[in-house]
Structure formats: structure tokens, C-alpha cells
Amino acid sequence: MFVLERFGIFFSNLAAMVFDPVGLLLLFGSVFLGILFGAMPGLTATLGVALLTTLTYGMRAETAMIALLGIYVGGVYGGSYSAILINIPGTAAAAATSLDGYPLACKGEGGRALGLTTTASAIGTFVGMLFVVSISPLISRIALQFTSFEFFLLAFFGIIISGTLTSPDLVYKGWIAGLLGLFLAIVGRDGLQFYPRFTFGMPQLEGGLEVVPVLIGAFGIPQIIGVLKDRFAPAEAKRFQRILPEFGTIVRRLPTILRSALIGVGIGAVPGIGEDIAGWVSYGAAKNASKHPESFGTGDEEGVIASETANNACIGGAMIPLLNLGIPGSPPAAMLLGALMLHGVNPGPMLRFDHPNFILQITAILLLASFAMWILGMLLAKQVVKVLRIPPPLFMPIIAVLCVIGSYALGFKIFNLYLMIPVGIIAYFLTEMGYPIAPLVIGVILGPMADQNLRRALMVSQGSFMPVFTRPVALILFLVIVLTIVSQFPVYRRALAALKRLLLRNR
Amino acid sequence: MKRIAMLVVLVALLSVSLVFASGEREYPSRDITNVLVWSAGGGTDTANRIVMAEMAKTLGVNINVVNVTGGVGGSVGMLEAYNRPHDGYTIAGLSESIVTAGVQGGWDKRVDVWDYYIIGGSPLVLSVPANSPHRSIEDLVAAAKSRPGQLRASASAAGSIHHLNLLAFEKGTGTSLNYIPYDGSAPAQNAAITGEVEMVITSIAEQAQLIRAGQLRPLGVLVPQAFTLGNQTIPSAFDSVPGLTAHLPIEQAIGFAMARGVPEAQRSKIREAFHAAMQTEPVKNFGRDNFYVLSGASGDEAAAIFDALESNFAWTLWELGAARVDPQTLGIPRP
Amino acid sequence: MMQGQKLRRADFVTSLILLGFGVWMLLEAFKMPMRDTFGGVQNVWYVSPALFPLIVSIGILVLATVLLLHAIRSGGAAALVHSLKHLSEADREPLIRFGGILLGLVSFVYLYIPRVDFFLATILMLFYFIAAYYLDDHSILKRLIVFYCAGCVLFIVLFATPLAGSLNRLFAYATDIVALLFFVAMVVFVRRATRGRTDQRARIRLALIVTFVTPLILIPVFRYFLRVQMPREGGIIEIMHLIYYSIR
């Protein structure tokens, strides 16, 4: 009954918004702006939400939320454009998308890949919204099961994934790249005791390395060098290609889409981590579940769908702890929290009493935003693909300027540029020598989380690892990690096959 | 030929711009930038954004808030703001914790080079999880004394105002706690709700929702006056432990600053706009809804507050061994 | 990506570098506080800031050893010795192309962005890259690299000595004007190098259009819409300000 009533209020909210032309215009405008933000290397959804917070100061809270959620949804999705077309993920959330999206674009199927990600992102946002509207109090209770041990295990799981990513040469080169990423994550003052590690006395290093300059350096610069030096045309676009994915393809991929959406909501709901990690975890899970994991990394549409569904589903997930506990579930959500407070809405457990319909309004906006994103995405994809027809030596220097100004715009630090170039040059050589570059980025994103939470967890348990086995969520995470590691060995697959044969024979 | 013509035009334009630039126009004639040293969405950020939006109405130009984070005690943002021309078009959005930048090696002078404008702050409160057996400060102190160094207490990172209050609480009550640092107030409170820690110190603004929902039980505020939150009154911790008055209160001071090098004429314009903004409805509502105690201090009054904070923070960190630079070399007096 | 023996040779070298890096990291980690209290946090081995660096450095050392063994077994070390004896035979063209890219990126980020008006820094870098790589003529590329390098040296001399400071005091934006002159000189240089080749002329025109249009769109969008203060706002951006604030 309760759920039905909620849906009733939800749809009346929805109808009110659909018939409000100003609101719709604002929604489409901000989603479009978000896509631009996401697609530009360096500009992130967080920055977009921060910008619009100032611009929407004078509006009513509900109207402002349309703009803010619109740019959030668009920003997370927009990262896939540059990730697929030029192999430079516009945001960390889209880094996993480039693994299979770019090979697809190289095969001339960039348009199809964009169509798939657009649809997957829309479905992801939609699923995330369903969770907000239906069982968000339940999920926020589960999110409260996350103590330091769980955070550590989650980060560790993400790092483990880096070993399972396809390496073009020796398998353990992925691990080496991951460890180098973890080293970069260590640089700076440590989060627990504030002890400076590997800072060489440079004040700019004390705050640690930021993810965006490393991401752009590691993905963008090797691509610029490679294209200019070796004269290869990065990806090409077929003259006539279908953008709208076939209905059959979506139905066939439905299990992947649903799994990824659930992972996205789950990761989003865990306080403090968000889209950046959701894409990777979902990609890793899709690869593990796939019947032919070897095709991942060579242009498998499942990989693209997995990461894009998850990072957009994450938005709904991140709203759950934000609205129910007042704890932001992701970095852009942290900015949303500030924006809400500016408008006199204080998110938290009392929100349901202070502003009874607010959560439903948010979900209605999310639903509309996912539609707006899908429509805009379908219209844009066809045009964006044409970018690939520009001769690369003319195009790449412009990309270089964008990379530079993008990583500078994040905090106005020229030092970020000084950092980006050496990281990029090293990444170029690593790529040339057959090291996958994605694990390095995962290491930088997850390193601080793993480091601090492991030590904090041990501090709380006074050096004991027992909580891993006594806390239910920790135990589940631990088992998933063990399974992931074991499944890497051929022994496991052989054992599984043997088991299957045995069972069949007995029947 | 075309190139040379273009060059001539450009040089001419440059010289024109020089003429314009030298001509005095009334301040402020272009947008002002607020370089905010903490990340977007936090308390300092939110308070600054709302006050800037109100000040912009008085000043007639936009004030853009940009978050320049990193370093120690917001040093990267402070340097960025301080190194820009002292022409009145740069403001630094900051809070009390910037006074630690000096002793941590991120800022090579005292912080009195800034002219401060204090928006206010939220009183700090000591809370325990809802299912905790401790019902009062006395209970908690007794429990802490029975297991010295064992009672797990959370606060945001080492050297933060929450940490300093925790230290002062330890000194004032003669207890020793097991301080577990977190990345910020939200994770610290989260740890208290999940039961990972047994007590937490953050501001009322940050805890209000959790207290009202009954997920955290406030034991006492760390200021002399009791605080009324909705229909419950949180007593002052000073009532039950008189020894605290020697070490507390150390209060939040959220606001912004302008370099003292900026001509007084321009600073006084900003001061007027600031005082006007503090009287507006949106700012007052913001303070009330979010449990801030608004201050509005500026000039000498604000300078005295930051002086006191600086010597307190700097020497406490130095005694903890967490400071890199001797406060003496910076000329910071002992508290 | 490299192939075959060349890759194994590179593996051999990287594994040695990684071993050295791992040892250095291990030594640095041992200098961190292990058990004494730091920053007011009670310290035990598992709380030490050294814990994570130790794990990572040991991981690097183990994997680097595995890589080293693999490289030696598959003939990487031998290939290195072989290639050292036959150094001069390497194909120089890719090397020059690579050097040219590095020159453009490094000078842009480390030399021009911090010191020259961002608009000028951008058009310098864009025109250099497009002329060098879009014209696709190896002899122009080589000569342009030398020319651009000479310009960079000029700026290094200018900024490393007190010369730039005193010039700018004498006449505002003097260094920006020098940068503009350098840009004009580069355009003239490229046009002379392609004299009499109509196909290249059309490309140069396109290069110039891209060079100017890109920053003319990007800078105002970032400066006035995203409110991003440019790294260095000199003469040209000052003109943009004038125009923006007078039409607003």
C-alpha cells in the first residue's frame, strides 16, 4: 500500500514537471551542458554541479535541483564520448568505457558504441531511480554496515580487478602498472597521521596527486604522441551507420545491464565512493561472468554496456545516503549536499518529515533527466562521430590544448600540468612496452581508500583481522575477492568443467 | 604584408588597452573571485557561496567562488589567493583551520597578513551512538578513565578543529582516548552510527539531522552556553566538567579574508557589503536552518580571534610533534 | 606497441629500473615512523604510514624480478648487448618525430604557460604542431624543430635572466609582444619553406584558421562562462576583458 501511494505522488510530480515548459527547457539545457562537461577531458560532473550551484542560487529549490541533477546525469554520461572516440576518458567514471569502446570505434563502429552506451546509461539512471523511490531506507541501512574493514575490502576488490584486465603482453604487467598507480596514490600527506610521504619537501605534493591530471596524462598524452608520431588514424567512422541499437541487442544484454545497474546502485549507496569505481567494478564483474572473457578489451559491446550502465546507476545510488542520511555517496553528491543546504533543504534522516515530497521530486527529476539524456544522446551521437573525419594531425593538437586547459581548470593549479606531462610520457613508454594503463589509474583512485581504511580498521580492532569473518558484509566481500582471484587460475576453470561433467554423468 | 598589418593592429590594440587599464574606474568594475581553500559542498563553501551571492547584490558585480584545495591547512588556495595582485578583486574563502598552514610548512609567514571577515560557526558537540550505555559526560569520563587509551573517539583529520577540541577535552577531563582520525566530519559521524567508534566530536550543523533522528545522542556542547536544537536542549559540557574552561572553547570561524596589502578604500567597500549581507534574510535563514551562530566580526575584532586561534593551534600541534616548523621561528606567541 | 626481441630488450631495461625503484621505495619507507606516536595518533606497526609503501615496494620488487628473469630467459639481455654494438643503424625518423612532439608539449607547459599570455602560448603551440605534423613533410619538420627550439632558447634566456622583468617594466606586456613576434616569424618561416607549393599553401591557411579559432572559442568560454582564471593573463586576454566588460 505504502509503495503504491508513493508511486501515486511520484507520477503526479512527474506530470507537473512534464507540463512545465520552463522546467523542461532547463532540464534539457543542463543535461546538454553536462554532456559537454563530461566529454571535455578534465571537466567533471563535480565541477559542473559546482558551477550551476552558483548560477541557480536565485531559483526555488526544486527548480535548482532540475538543473543540478540534469548536469550530474549528463556529466557522468558525457565522459563516454571522448573515451570511445579518441580513447581519452573525459572523466574517471568513463575510464572503463574506453577499454572496449575505443576498439569498437577503431573497427568503425563508434556510432553504434555510442548508441549502446546512451541506451545503457539511460537504463542505468532509470534503475537507480527505481531504487531511490522504492526501497531507499532499506538500502541506507545496509550502507550503514560499511565500516573501515568493508571499505578496505571494497577498495581491495577494485585493485584486484586491475589484475584481471587484459594485458596485451605478459599478464603480470597489469599488476606492475597497478602497483605504480598505488605508489602515485601514496605521494602526499598520509590521511591518518599526516606524515609526508614521498613529497620531496614540495608543498604542492603534500595534498597528494589529483586523479584528473593523472588520468588525462596517462590516457591523453600517449594517444596524442602515438597519433602524431606514427601517423595512424585513431578511429574511423563509417559513412552510414546506425546509432539506435537494435531492440534485440538490448534484450540479449539485459542480464549484463541489470547486473551492472545493481552494482552501480550498490557502489553509489556506499558513502564516499562513486562513479569512478562503479564503472571498474561492473566491468570486472561482467568479464568474470562472461562466457568468453578473452574478447574483453578487444571491442566487446558487453564491456561498454557494463561500465556505462553502472556509472549512471550510481547516481541514483549516491542519492540514497544523501537524502536518507545526509551523507554524500559520491563527490558530485557532496556538491549537491552543499547546494541543497543553500536552498534551505537539509538532507538527512529528518528530510522525510521536514519536506515529505522532496525525495519523490528528486526521483521524478532523475527519471526525466534519463529521458532527456537519451534523446539528446541519440541526436548528438550522429554528429559527434563526424569529429573523427577531421585529419588527426589537425585534431590532436586541439585535443592537447583541451587536455591542458581541462586539467588546469580543476583547481587552477599549474602544478597539475607539470605533473601531467611526466606521467603522460611514462605512460606512453609503458603502453609501448605492452603494459595496460588502466590499472595505473585504478591504483591512483583506490590507493588512498585502501591504505587509510586498512590501517584505520586495524586501529579499531587493535590489530585483529577477525572482523573480516564476523561481519556479514565483510565476509561476502572477502569471498567475492577470493573467488575473483581463484577464477584467474586455469585450475579453477578445469575444476569447474570437471565438476560439471561429474554432475552430468551422475544424472 | 598581411601579417605585418595584423601585427601593427595588435600592437595598437595593446597600447589602447594600456591607456584604458591605467584609467581609474570605480571599484569594483569587474567580477571578484573568491578562492575558496576547502572543497565544494562543505560548510565553509556553502556559507561563503550564500554570503557572496548577497554581497554581489550590494557591490553590483559577480563574485565567483572557485575551490582551490590541497596542501596543508588550505595552503595551496591561500598561496593562490595571496599571490594574485592585491587589487581587491581576489578574496580568500577560509575557516579557522588555515592557521595550521604555517607550522605545517605550507605558509612561510603568520596569518595576520589577512584582513578577516567572519561569517560565523557552529558550536561543536560531543555525541555518542544512540545505543551507547553512556548517558552523560560524567558516564563517558568515568568509562574513559576505567580503560585509559581504549575508548575509541572519532574526529576529522589530525590537526583539525575537531581534533583540537578532542585534545582539549582529554586535557580538561584528565582522560586519555584512542583517537581515530577520519577524512572529514561525515565519515567520522558515520563511524559513530555504525558503532565503529564510541564517541564523536563534530559541529551541531553537521550532526543536527542525526541528533534529531535519534541516531546520535548528544552529551554536551563544547561551548559555555547550552544549545537548543528543536525541542531538546543540549547542556554545556562545562557544567559537568568545570576543568574544561581552562582549555576550551576553541570555536569555528568560517568566513573569508582579503590581503592587508589591498588599499583600505577597497577593503572598506567589501566590509560594508559584508555587513549588509549579514543582515539579509537569506543569510539569517541559512544560519538558523543550519545551526550556525552568525558572527559578522571584521577588522580588529576578527584579527584578534584569528591571532588567538593561530597561537593555540600552532603550539598544540608543535607539542604533539605534528608540526614541521617551530612556531617560534614564525614569531607566533605562546597562548 | 613494440614486438618480439625489441620488447624483451625493453623489458630487461625496465625490470632493472623497477628493481632500483623498488629498493629506493623500500629504503624510504623504512625512514617513516614505525611505532612512535605521530600527529597525536597512537602508533603501532599496523597504524604506521610505512605499512602501505612497504607492501607496494615489496610487490614491485617481486614482479620486477619475475620480469627480469623472463627477459633474460627470452633473450632480452642478449638483444640489448647486440643493439648497443649497432647503435647507429636505428631508424632516425620516428625518433625525430617523437622529439618534436616532446618539444612542443614540454615547452608549452613548462615554458610558455606560466610566463606568457595564455592566448599567445596556445597559438604558438598549435601552429607549431599543425605545421610540423599536418604538412607531413619530413624536411620541414626537421627545420621547424630547429627554428622552434631556437625560439624557446631565446625565451629561456629572456626569463632566466632579469631581462624579462626589466623589459616588462620599461614597456608593459613586452614579453607578450616578443612572443607575438616569434609567432609571426614562425608563420613567415613556414610559408617560405613551402614556397611554390600550392597544396601546402592551402594547408597552411587551414592551420592558421585552426590556430586562431581554437583559443578564440576556448578562452572566452573558460574565462567568462566557467570563470576559470587563465594561468597567465597578459596583453591579449586583457583586451578580451576590455571587450567583455564593455559589452556586458
Here the FRET efficiency for residue C:44 versus residue A:298, based on Cβ atoms and R0 = 56 Å and rounded to 0.05, is 0.75
Quote the Stokes-Einstein diffusion coefficient, in whole µm² s⁻¹, for region B:124-246, based on the Kirkwood radius over alpha carbon pairs, a temperature of 20 °C and a viscosity of 1.002 mPa s.
154 µm²/s
Before anything else, pin down the relative contact order of chain A: Cα pairs under 8 Å, at least 6 apart, normalised by residue count, whole percent.
27 percent
Options C:175, C:107, C:147, ranked by Cα towards positive dipole end of region C:91-248, top entry (Cβ charges):
C:147
Just to be sure I understand the model, the point goes 7 Å from the Cα along the line to the Cβ. What's the resulting residue C:159 to residue A:353 distance in nm?
6.0 nm
Cβ-based exposure ranking for A:189, B:152, B:271, in which fewest neighbours within 10 Å come first
B:271, B:152, A:189
Taking every alpha carbon pair in chain C and sorting the distances into 10 angstrom bins from 0 up to the bin holding the longest one, the percent per bin comes out as 6, 20, 19, 18, 21, 13, 2, 0
Check the straight Cα-Cα distances from residue C:142 and name the aspartates and glutamates below 12 Å, setting aside those fewer than 8 residues away within the same chain.
C:93
Using Cα pairs closer than 8 Å and at least 6 residues apart in sequence, work out the relative contact order for chain C, in percent.
20 percent
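Taking other Cβ within 10 Å of each residue's Cβ, how do C:124, A:36 sort, fewest first?
On the way: C:124 26, A:36 18.
Ranked by crowding around the Cβ, least crowded first: A:36, C:124.
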For peptide A:412-419, the mean count of other chain Cβ atoms within 10 Å per residue Cβ is 5
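Computed FRET efficiency, Cβ-Cβ of residue C:213 and residue C:244, R0 22 Å: what is it to the nearest 0.05?
On the way: r = 18 Å, r/R0 = 0.82.
Efficiency computed from Cβ-Cβ geometry: 0.75.
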On each of the three principal axes the extent of the alpha-carbon atoms of the protein assembly as shown, given in whole Å and largest first, is 95, 92, 66
Projecting each Cα onto the charge dipole of region B:169-277 (Lys/Arg +1, Asp/Glu -1 at the beta carbon, about the Cα centre), which of B:186, B:256, B:232 comes out farthest on the positive side?
B:256
Compute, for the protein assembly as shown, the length of the dipole vector about the Cα centre, with Cβ point charges of +1 (Lys, Arg) and -1 (Asp, Glu) only. Units Debye, rounded to 20.
3480 debye
Sequence order, region C:107-114: Karplus ³J(HN,Hα) from phi using 6.51 cos²θ - 1.76 cosθ + 1.60, θ = phi - 60°, Hz rounded, Gly and Pro as x, gives 5, 4, 6, 8, 9, 7, 4, x
Point-charge dipole on Cβ atoms (K/R +1, D/E -1) for region B:124-246, about Cα centre, debye to 20:
140 debye
Using a 10 Å cut-off on Cβ atoms, rank the peptides C:155-164, B:167-176 from the highest mean neighbour count down.
B:167-176, C:155-164
Set of lysines near residue A:386 by C-alpha distance (under 21 Å), chain-local residues within fewer than 8 positions excluded
A:107, A:238
Chain B, Gaussian network, Cα under 10 Å: of B:195, B:93, B:106, the residue fluctuating most is B:195
Arranged from highest to lowest average of other beta-carbon atoms within 10 Å per residue, in what order do the peptides A:84-92, A:137-145 appear?
A:84-92, A:137-145
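Enter the mean number of other protein chain beta carbons within 10 Å of the beta carbon of each residue in A:326-339, as an integer.
On the way: counts 8, 7, 2, 0, 0, 3, 2, 1, 7, 7, 2, 5, 11, 4.
Per-residue shielding by partner chains comes out at 4.
Explain nothing, just the number: relative contact order of chain B, from Cα pairs under 8 Å at least 6 residues apart, as a whole percent.
Details: 623 pairs, mean separation 81.1, N = 335.
Worked out over chain B, it gives 24 percent.
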Cα-based Rg/(2.2 N^0.38 Å) for chain A, rounded to two decimals, is 0.94
Which of the lysines could be linked to residue A:500 by a straight reach, that is with a Cα gap under 24 Å, when you skip same-chain ones fewer than 8 residues away?
A:287, A:291
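I need the per residue convex hull volume for chain B, using only the alpha carbons, in cubic angstrom as a whole number.
Values: hull volume 53.3 nm³, N = 335.
About 159 Å³ per residue, rounded to a whole number.
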Go through A:71-81, B:120-130, B:289-299 and give me the packing order, highest mean Cβ count within 10 Å leading.
A:71-81, B:120-130, B:289-299
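Over the whole of A:144-154, what's the average partner chain Cβ count within 10 Å per residue? Rounded to a whole number, please.
Values: counts 5, 1, 4, 6, 6, 1, 1, 1, 0, 0, 0.
Mean number of neighbouring Cβ atoms from other chains: 2.
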Taking 7 Å along the Cα-to-C-beta vector as the label spot, tell me the residue B:112-residue A:483 distance in nanometres, rounded to one decimal.
6.4 nm
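Laboratory data are not the source of any read-out in this text; all were calculated from the coordinates shown. What you are looking at is a predicted structure, and each value in this text was computed from that prediction instead of being measured. With ideal geometry, Cβ positions are generated from the backbone for all residues, glycine too; neighbour counts draw on all protein chains shown.
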